[in-house]
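Engineer: Sharing a structure with you now.
The values are calculated or read from the model by the stated rules, or taken from the named source; none is laboratory data. None of the values given here were measured: they were computed from a predicted structure. Neighbour counts are summed over all protein chains in view; Cβ atoms, including those assigned to glycine, are modelled from backbone coordinates with ideal geometry. The protein model used for the area step is the full one, side chains on, heavy atoms only, and it has no ligands, DNA or RNA in it. Shrake-Rupley method; radii C 1.70, N 1.55, O 1.52, S 1.80 Å.
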Amino acid sequence: MARIIVVDDDPLAGELTLTLLQDAGHEVTLIGDSTAALDAINSRLPDLVILDILMPGIDGLTLCHRIKHAPATQAVRVVMVSGKSFAADRKRATDYGADAFIEKPYDVDGFSQKIAGLLGAAPAAAPQAAPAAAPLDKFRLTVWGCRSLSAVQGAPPSRYGRRTSCVALEKDELLLVLDAGSGLVPLGRSLVESGRWREPWLLITHFHQDHFEGLGRFAPAYADGYKLNIGGANDPDQSLQERVQRAFEIAPPELGSVQAELELYEMMEQTYEIAPGLQVSSFFANHPGTTLGFIVESEGRKVVYCPDSEIYGEQGTAMQDYDERLVRLAGGADIFIHDARYLDPDYQLRKNNGHSSWLNTVELAARAEVKRLVLFHHDDAYGDDVLDRIETEARAHVAGKGYALEATMAREGLTLAC
Ligand SMILES: [Zn+2]
């Protein structure tokens with residue numbers, strides 16, 4: 001008899017697994033809420049854990065990686081189960097240290113035999129980290145859109161670009177796309193042309209038009225052989241699923257029907273390990289509606305993306321502790337991309353709209369000791385003369401105060417590495 005914990009958010013599948021294992025004589029606990037699973041595994045130290053890959057809260061791959069990388073739980077055998085049978089998913093499960101992968105629905109006899117075999121075998125070794133001598137892979141960041149609203153017809157051309165929020169972050173073979181504003185459209189075309197990045201991640205801060213209007217025109221969605229991992233928060237009135245579905249429903253019909261596999265991740269204020277050693281943490285930003293900011297970390301590098309966020313600055317009241325929180329969250333970031341939409345006098349007229357003055361943003365970035373600040377989410381009404389002035393003034397302010405900080409205005413085509 002072995003002690004087994006089954007983590008599955010689908011009650012039917014979970015009960016079936018439970019019954020099969022109990023019939024085979026094991027002591028089985030079923031956990032439906034993945035966020036409670038790690039505590040249970042740590043305290044009970046079972047012989048084997050069965051994890052569904054796709055679950056709200058913490059997904060199975062993240063749980064698997066945590067179990068296999070913590071000394072206390074390394075020896076626990078992990079079986080991943082999934083309704084999907086793609087080779088890529090199997091490979092990911094193996095990369096994360098899983099001992100076995102079983103497809104749903106189960107072949108009942110095969111399932112029991114596989115579990116019995118596994119309980120008799122030695123646990124798989126955790127995947128080895130890259131050798132220390134290997135050069136550190138860097139994040140490479142490209143801005144595809146940084147405006148607050150799409151250009152109205154007849155707006156003058158801008159050296160900063162007119163497309164709305166979209167930033168691509170590459171790390172090894174992983175592509176993370178932060179927001180799906182209209183900058184996503186040319187990014188999508190370049191992805192299809194390159195043939196690389198077949199499984200990009202799209203992380204959406206919120207569903208205001210300037211952060212989401214590009215999704216329906218994202219070329220990889222209509223091409224063969226793509227899988228789009230889309231993460232974002234559920235709004236109280238509309239789920240992530242409904243938002244995504246709607247974006248494709250209203251897309252121009254000439255694009256055809258969606259070919260890509262879509263995998264949705266309902267994100268909360270939490271940390272997710274989306275690839276071995278690469279963490280994404282989401283936090284709530286000070287902006288109307290449910291709005292996330294993202295912290296992406298890997299191998300000691302940290303990129304923070306928070307495009308729509310109001311910093312209170314000196315005029316904040318004791319009740320407004322957002323600034324303090326953001327200083328902690330952004331602390332030590334290599335690259336901090338933050339809302340700096342307004343000239344300070346304009347901000348004074350537009351308080352409590354959910355956007356910041358560049359001055360408050362520079363001050364906060366200095367307190368958080370970030371290395372490079374990218375001033376982001378430019379007001380659509382500002383011409384290049386105003387945007388040039390913001391950069392000049394921000395740099396003069398940094399120099400005048402003696403901050404160890406580099407301030408850069410976002411512009412389409414800007415690339416940075418860290
Ligand atoms: Zn917004």
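Engineer: Could you give the length gained by full extension between Ala75 and Met268, i.e. 0.36 nm per residue of separation minus their alpha carbon distance, to one decimal place? Numbers along the way, then the final one.
Structural biologist: Details: separation 193, 0.36 × 193 = 69.48 nm, distance 2.95 nm.
Extending this stretch completely gives an extra 66.5 nm.
Engineer: Follow-up. Apply the Karplus parameterisation 6.51 cos²θ - 1.76 cosθ + 1.60, with θ equal to phi minus 60°, to every residue of the range 225-236 and state each ³J(HN,Hα) to the nearest whole Hz, in sequence, with x for glycine and proline.
Structural biologist: In residue order, the calculated couplings are x, 10, 10, 9, 9, 10, x, x, 8, 6, 8, x Hz.
Engineer: Using a Gaussian network model on the chain with a 10 Å cutoff between Cα atoms, which of Ile337, Ile230, Ile41 fluctuates the most?
Structural biologist: Sorting by GNM fluctuation, first place goes to Ile41.
Engineer: Rank Glu314, Glu261, Glu213 by mean-square fluctuation in a GNM of the chain with C-alpha springs under 10 angstrom and give only the top-ranked residue.
Structural biologist: Greatest mean-square fluctuation among the candidates belongs to Glu314.
Engineer: Could you please state, rounded to a whole Å, how far the C-alpha centre of the range 138-174 is from the C-alpha centre of the range 224-254?
Structural biologist: Spelled out, the Cα-based centre of one part sits 20 Å from the other.
Engineer: For the chain, count the residues as N, evaluate 2.2 N^0.38 Å, and divide the Cα radius of gyration by that value, please. Kindly include the intermediate steps, with their values, before the conclusion.
Structural biologist: Details: Rg = 23.2 Å, N = 418, 2.2 N^0.38 = 21.8 Å.
My calculation over the Cα atoms of the chain gives 1.07.
Engineer: Which of the aspartates and glutamates could be linked to Lys138 by a straight reach, that is with a Cα gap under 12 Å, when you skip same-chain ones fewer than 8 residues away?
Structural biologist: Cα-Cα hits under 12 Å: Glu170, Asp172, Glu173, Glu297, Glu299, Asp334.
Engineer: Charges only on Cβ, +1 for Lys and Arg, -1 for Asp and Glu: so what's the dipole of the chain about the Cα centre, in debye to the nearest 20? Intermediate values should be presented prior to the final figure.
Structural biologist: Numbers: 39 positive and 60 negative charges, 213 e Å.
Its charge dipole is roughly 1020 debye.
Engineer: Just from its helices, what would the mean residue ellipticity at 222 nm be for the chain, if runs of 4 or more DSSP H residues each count -39500 (n - 2.57) and the sum is divided by every residue, rounded to the nearest 500 deg cm²/dmol?
Structural biologist: Working: 12 runs with 121 residues, N = 418.
Mean residue ellipticity at 222 nm (helix-derived): -8500 deg cm²/dmol.
Engineer: Which order do Leu202, Leu405 take by accessible area at a 1.4 Å probe, largest first?
Structural biologist: The ranking, largest first, comes out as Leu405, Leu202.
Engineer: I would also like to ask the following. For the chain, which whole-number percentage of the solvent-accessible area (1.4 Å probe, protein heavy atoms only) is attributable to carbon and sulfur atoms?
Structural biologist: Using a 1.4 Å probe with all protein chains present, the chain comes out at 52 percent carbon and sulfur.
Engineer: Of Lys68/Lys114; Lys371/Lys401; Lys91/Lys227; Lys114/Lys171; Lys91/Lys171, which pairs sit farther than 26 Å apart, going by alpha carbon to alpha carbon?
Structural biologist: Over 26 Å Cα-Cα: Lys114/Lys171.
Engineer: Might you tell me the accessible area per residue for the chain, computed with a 1.4 Å probe and given in Å²? Numbers along the way, then the final one.
Structural biologist: Values: 18010 Å² over 418 residues.
About 43 Å² of surface per residue is accessible.
Engineer: Could you work out the local net charge near Ile31, counting Lys and Arg as +1, Asp and Glu as -1, over the other residues with Cβ closer than 11 Å to its Cβ?
Structural biologist: That works out to -4.
Engineer: To check my understanding: the extent here is largest minus smallest coordinate of the Cα atoms along each principal axis. What are those three numbers for the range 3-120, in Å, largest first?
Structural biologist: Cα extents, longest axis first: 32, 31, 28 Å.
Engineer: Please list 3J(HN,Hα) in residue order for the range 100-116, calculated via the Karplus relation 6.51 cos²θ - 1.76 cosθ + 1.60 where θ = phi - 60°; whole Hz, with x for glycine and proline.
Structural biologist: These are the phi-based 3J(HN,Hα) values: 7, 10, 10, 7, 9, x, 6, 7, 4, 5, x, 4, 4, 5, 5, 5, 4 Hz.
Engineer: Still on this model: Report the Cα centroid-to-centroid distance between the range 258-323 and the range 50-86 in angstrom, as an integer.
Structural biologist: 24 Å
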